[in-house]
Amino acid sequence: MKRFALLVIDMNVGSFNSNARGGILHRAKEHLVPCINGLAAAFRTKGLTVIWVTQRFKDDLSNAPVLQRKSGDKKFVESSDGWKLLPELDVQPGDQVVVKRLYSAFFDTDLHERLQQAEVTSLVIPGVNTYACVRATTLDAYQHGYDPIIWPRDGIAASLPQFEQDTLRYMLGDAPGRGLVEGLLSNEEIITRL
């Protein structure tokens with residue numbers, strides 16, 4: 001029997017700056033937030049696990065990825081608000097939060113152990129950026145044997161759309177059921193599978 005969890009990736013304040021990359025993600029909040037909040041409510045109603053993943057680094061960037069250290073990008077450091085989840089998200093006390101420092105939510109965290117403890121077999125993964133953290137987390141989920149892995153149609157976005165299209169082609173495969181991600185589904189389609 002399949003048991004799903006909702007694994008929301010990097011819906012951090014720092015990802016949605018209206019000036020970053022033309023404000024693409026800032027505008028995407030219009031469809032991301034309602035989609036994700038709707039899924040979270042449905043998962044909770046069915047007694048399923050909801051996990052919010054955020055990215056946070058030490059102020060001196062000593063535990064940040066190489067690119068952040070080289071650029072001095074501090075939008076996700078501990079002393080900033082950038083690592084915090086968007087206030088528009090419906091995070092509830094019974095939900096879990098995983099703090100990561102690299103692209104994959106599985107790398108150097110206890111995420112897999114938490115999912116195993118909850119007897120999770122399958123994942124729905126919304127969030128940003130599709131071509132980076134959503135993709136890396138999905139690849140690691142696949143390697144850990146989670147099946148199916150589903151992306152919500154209105155629940156993913158990328159600040160660089162050209163990379164998102166390549167990622168979608170790769171992750172979805174050349175035919176239904178032939179990719180690492182089983183499908184790009186509507187909330188209604190996902191909820192009927194829970």
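The values are calculated or read from the model by the stated rules, or taken from the named source; none is laboratory data. Worth saying up front: this structure is predicted, and the values here are computed from it rather than measured. Cβ coordinates were reconstructed from backbone atoms using ideal geometry, including for glycine residues, and neighbour counts include every protein chain displayed. For the accessible areas, the whole protein counts, side chains as well, though only heavy atoms, and no ligand, DNA or RNA atoms are used. Shrake-Rupley method; radii C 1.70, N 1.55, O 1.52, S 1.80 Å.
Averaged per residue, what accessible surface does the stretch 58-180 expose to a 1.4 Å probe, in Å²?
Value returned for the stretch 58-180: 52 Å² of accessible area per residue.
Placing unit charges on C-beta atoms (Lys and Arg positive, Asp and Glu negative, everything else neutral), compute the dipole magnitude of the stretch 1-93 about its Cα centre in debye, rounded to 20.
Dipole of the stretch 1-93, to the nearest 20 debye: 320 debye.
With label points built 7 Å along Cα→Cβ from the Cα atoms of residue 186 and residue 99, find their separation and express it in nm.
It is 4.0 nm.
Return the whole-Å distance between the Cα centroid of the stretch 85-119 and the Cα centroid of the stretch 21-43.
With the stretch 85-119 and the stretch 21-43 each reduced to a Cα centre, they are spaced 17 Å.
With the cut-off at 1.5 for a/c, could you classify the stretch 24-123 from its C-alpha gyration tensor as rounded, prolate or oblate? Can you show the working numbers first?
Details: a/c = 2.39, a/b = 1.41, b/c = 1.70.
Because a/c hits 1.5 or more and a/b fails to exceed b/c, the stretch 24-123 counts as oblate.
Highest first, please rank the peptides 24-37, 7-20 by the mean number of other Cβ atoms sitting within 10 Å of their residues.
7-20, 24-37
For the stretch 19-102, run through the chymotrypsin sites (Phe, Trp or Tyr not before Pro) and keep only the ones in DSSP coil with at most 15 other Cβ atoms within 10 Å of their Cβ.
none
Compute, for the stretch 97-194, the length of the dipole vector about the Cα centre, with Cβ point charges of +1 (Lys, Arg) and -1 (Asp, Glu) only. Units Debye, rounded to 20.
Values: 8 positive and 13 negative charges, 34 e Å.
Once rounded to the nearest 20, the dipole reads 160 debye.
Placing +1 on the Cβ of each Lys and Arg and -1 on the Cβ of each Asp and Glu in the stretch 41-194, which of 126, 103, 151 has its Cα farthest towards the positive end of the resulting dipole?
My answer, from the dipole projection, is 103.
Using +1 on the beta carbon of Lys and Arg, -1 on that of Asp and Glu, and nothing else charged, what's the dipole of the chain about the Cα centre, debye to 20?
Numbers: 22 positive and 23 negative charges, 43 e Å.
In total the dipole reaches around 200 debye.
How large a share of the accessible area of the stretch 89-194, in percent, is made up of carbon and sulfur atoms when the probe is 1.4 Å and the other protein chains stay in place?
The nonpolar share, carbon plus sulfur, comes to 49 percent.
By a straight-distance test (C-alpha under 24 Å), which lysines pair with residue 100 as possible cross-link partners, with residues fewer than eight away in the same chain excluded?
29, 58, 70, 74, 75, 84
What FRET efficiency comes out for residue 117 versus residue 45 if R0 is 22 angstrom and r is the Cβ-Cβ distance? Round to the nearest 0.05.
0.55
Restricting to DSSP loop positions (anything but H, G, I, E, B) with no more than 10 other Cβ atoms inside 10 Å of their own Cβ, which GluC sites (Glu not before Pro) remain in the stretch 63-144? Intermediate results must be reported in sequence, preceding the final value.
Working: sites: 78, 88, 113, 119; in loops: 78, 88, 119.
The qualifying sites are 119.
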